[in-house]
Amino acid sequence: MSSARSASTGNPELFAPRFDAQGLIPAVAVDAGTGEVLMTAYMNQEALEATRRTKKATFYSRSRQELWVKGATSGNFLVVEEIRVDCDQDCLVLRVRLPKGGAACHTGERSCFYRKLSLDGPAELERIA
């Protein structure tokens, strides 16, 4: 069954990303082998095109207002194997490979999601083993 969005383009296979008012789209990087969520960031059109061209995850820094290639400083490049697009075309999932022993997080952790929030009691963060 086609969505209204797909029907409005006339072609459900046509890539027509829906960037927000700032020209950005969220992109979630997941490990292509394990499915582990590694990080999330934003892309503008230029970052998306650079990612497709180079196969290295390129994002747009909202604070610095510039493109950045994940790993350009650390060497922990996220090599993109696949880009998945959600049904509304307003969010992307990048299936990526990290170098062996590499870290996706600027803190040196493999994933930016290395803590969990307790569901009961005080709102405390616990490190994930």
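Read the figures in this text as sums done on the coordinates, not as results from a lab. All values derive from a computational prediction rather than experimental measurement. Please note: Cβ atoms are built from the backbone with ideal geometry, for glycine as well, and neighbour counts cover all protein chains shown.
What to note about this one:
- Members of segment 23-43 that are under 12 Å from Glu82 (Cα atoms) and over 9 Å from the mean Cα position of the chain (by Cα): Asp31, Ala32, Gly33
- In segment 72-105, residue farthest from Phe59 (Cα to Cα) [restricted to those that are in a strand (DSSP E or B) and of a type in the set (A, V, I, L, M)]: Val85
- Within segment 18-43, tally of residues that are touching a Pro at 6+ places or on another chain (Cβ under 9 Å) and either part of a strand (DSSP E or B) or surrounded by 13 or more Cβ atoms within 10 Å (Cβ to Cβ) (or both): 5
- Flag for Asp86 being touching a Phe, Trp or Tyr at 6+ places or on another chain (Cβ under 9 Å) and within 18 Å of Val30 (Cβ to Cβ): no
- Lone unmet requirement of (1) out of contact with any Cys (no Cβ under 7 Å at 6 or more places or on another chain); (2) over 30 Å from Pro12 (Cβ atoms); (3) in contact (Cβ under 8 Å) with a residue 60 or more places away in the chain for Cys112: (1)
- Unmet requirement for Glu46, which otherwise passes all of (1) in a helix (DSSP H, G or I); (2) closer than 20 Å to Leu98 by Cα; (3) free of Cβ contacts under 8 Å to residues at least 24 places away in the same chain: (2)
- You will find that of Leu98, Leu125, Leu92, the residue that is aliphatic (A, V, I, L, M), within 24 Å of Val69 (Cβ to Cβ) and touching a Leu at 6+ places or on another chain (Cβ under 7 Å) is Leu98 and no other.
- In segment 44-74, residue farthest from His106 (Cα to Cα) [restricted to those that are of a type in the set (Val, Ile, Thr) and surrounded by 15 or more Cβ atoms within 10 Å (Cβ to Cβ)]: Thr51
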